[in-house]
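Worksheet for the structure shown next.
The values are calculated or read from the model by the stated rules, or taken from the named source; none is laboratory data. Note that the coordinates shown come from a computational prediction; the quantities given were computed from them, not determined experimentally. Cβ placement follows ideal geometry from the backbone for every residue including glycine, while neighbour counts extend to all protein chains displayed. Side chains are part of the model used for accessible areas, which takes the heavy atoms of the whole protein and leaves out ligands, DNA and RNA. Shrake-Rupley method; radii C 1.70, N 1.55, O 1.52, S 1.80 Å.
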Amino acid sequence: MNEPRGLRASGWPGVVVLALGIFAMVTVEELPIGVLTLISDDLGASEGAVGLGVTLAGAVAGVMGLSTSLAIGTLDRRVVLFTALLVVAAATTASGMATNVAVYLVARLCAGLGIGVFWALIAIVASRIVAHERAALATTVAFAGASGATILGVPIGTWLGTTWTWHVAFYALAAFCFVIAVALWFLVPSVLVDEKFTTDGYRRAWSIGPVRLALLVTAVLVVAQFCAYTYASPALQEFAHVSPAGVGAMLLVMGITGLFGNVGSAPIMRRRPMLAMLLVTCGMTAGIAGLMLSGTPAVAAPAMGVWGLFGGAMAVVLQHWVLTSAGPYAEPAAALDSGIFNFAIAGGAALGAFVLDVSNIHTVFVVAIVGTLTATAMVLAYRRRVTA
């Protein structure tokens, strides 16, 4: 891979732009969660049908996460990221303009294209536009935007939707994506590629037992998380009698504790990775169950905090397990992790939609708890085997 044009040491403004870009991508992907009931009422569609907007975006993002590097060959990664942001801006505008659920879902599908491309390339671009010894820090800073989306992006979008309309929330986010695209064009150096990505690395990474198990746990746990989280808005209103205007505040509580979980998981993750994984699965189970049994906003708030604390640590702990198990195949393992993670987001939202349509929100949360307990059992079994 060639050096980017310009001084590598000057790439930090570009890293910040990448962080803002992934902030925008995650907010786009998850925004319907905060305004789901508003969209459902306005479009005259069921909450399960509107929740499929998260499913479609996640499914397409998963496909793109696995195939982007294969499809784009040696194209300048800056140009590809710029294009992805423009696609997401256009699709998010179309989502806001939708007058029926079919148009809304098609627009969400198109948004997933850009989201998946951005996820697939952000790590390699962030690591290439700074000095080599600062690559790990650049990647960490860039991905901090994903945590920021949960903390600020989704709650702010929810506030815009409840204060004005859900259309305004989508339009504002589309405008933000366009601004970030312009900033990326001017502040991110070109990243040119000589070698081509091949599928053999996927096969070799998957053949490693601990990697394969980590990816399977990822699938189960993320499906459980988004089975429940996609329907957090109606759940808060049903379980704790939170008003639609109060949903944003509850999601903000979850986001703030999620940041602490994301950052605070590092010390224990490095020393006792399986213990960290168990804490994540058990903590998520406690938070989800606590919300389901809450009854009042005063009880729901700490339950959301617990769910956010351990849910915020989920992605980084899972990724650490995958990458430390993959050895020389860390890059294809990371691509598999990204693809499976996004597919699991889609699968969780779809599972929640199905259960909600055939039963009720209580059953959705019971299914999610079964999922987190299943992940816990898988980690316990693996931990016993490696320590035996």
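Observations on the model:
- Matching option when the condition is at negative phi, touching a Ser or Thr at 6+ places or on another chain (Cβ under 9 Å) and either among the small types (G, A, S) or open to solvent by 20 Å² or more (accessible area, probe 1.4 Å) (or both), among S127, S95: S127
- Of all the listed residues (T83, T68, T55), the sole one being surrounded by 19 or more Cβ atoms within 10 Å (Cβ to Cβ), more than 23 Å from T199 (Cβ to Cβ) and polar (S, T, N, Q) is T55.
- In summary, T74 fulfils each of the numbered conditions (1) open to solvent by 60 Å² or more (accessible area, probe 1.4 Å); (2) part of a helix (DSSP H, G or I) with the single exception of condition (2).
- The lone exception for D41 - which of (1) surrounded by fewer than 24 Cβ atoms within 10 Å (Cβ to Cβ); (2) touching a residue at least 24 places away in the same chain (Cβ under 8 Å); (3) more than 19 Å from the chain's Cα centre (by Cα); (4) part of a helix (DSSP H, G or I) it fails: (2)
- Flag if L20 is open to solvent by 50 Å² or more (accessible area, probe 1.4 Å), within 19 Å of the chain's Cα centre (by Cα) and not hydroxyl-bearing (S, T, Y): yes
- Cβ-Cβ under 6 Å pairs, at least 6 apart or on other chains, segment 335-350 side within 12 Å of A61 (Cα to Cα) and open to solvent by less than 10 Å² (accessible area, probe 1.4 Å), far side aromatic (F, W, Y) and at pLDDT below 85: none
- Apart from one condition, A138 fits all of (1) under 27 Å from A266 (Cβ atoms); (2) in contact with a helix residue (DSSP H, G or I) (Cβ under 9 Å, 6 or more places away or on another chain); (3) surrounded by fewer than 22 Cβ atoms within 10 Å (Cβ to Cβ); the exception is (3).
- Members of segment 276-305 that are farther than 14 Å from I369 by Cα, in a helix (DSSP H, G or I) and either hydroxyl-bearing (S, T, Y) or touching a residue at least 40 places away in the same chain (Cβ under 8 Å) (or both): A276, M277, L278, P297, V299, A300, A301, M304, G305
- Of everything listed in (1) open to solvent by 10 Å² or more (accessible area, probe 1.4 Å); (2) under 18 Å from W119 (Cβ atoms), the single unmet condition for T363 is (2).
- Answer residue from segment 198-215, given it is outside any helix (DSSP H, G or I) and open to solvent by 50 Å² or more (accessible area, probe 1.4 Å) and is modelled with the lowest pLDDT among those: T198
- Answer from T55, T27, T93, T83 - the residue that is under 19 Å from T150 (Cβ atoms), modelled with pLDDT of 90 or more and not in a loop (DSSP other than H, G, I, E, B): T27
- Being part of a loop (DSSP other than H, G, I, E, B) and either surrounded by 18 or more Cβ atoms within 10 Å (Cβ to Cβ) or free of Cβ contacts under 8 Å to residues at least 40 places away in the same chain (or both) holds for only one residue in V179, V191, and it is V191.
- Looking only at segment 366-388, and only at residues there that are among the β-branched types (V, I, T) and open to solvent by 30 Å² or more (accessible area, probe 1.4 Å), the one that is farthest from A224 (Cα to Cα): T387
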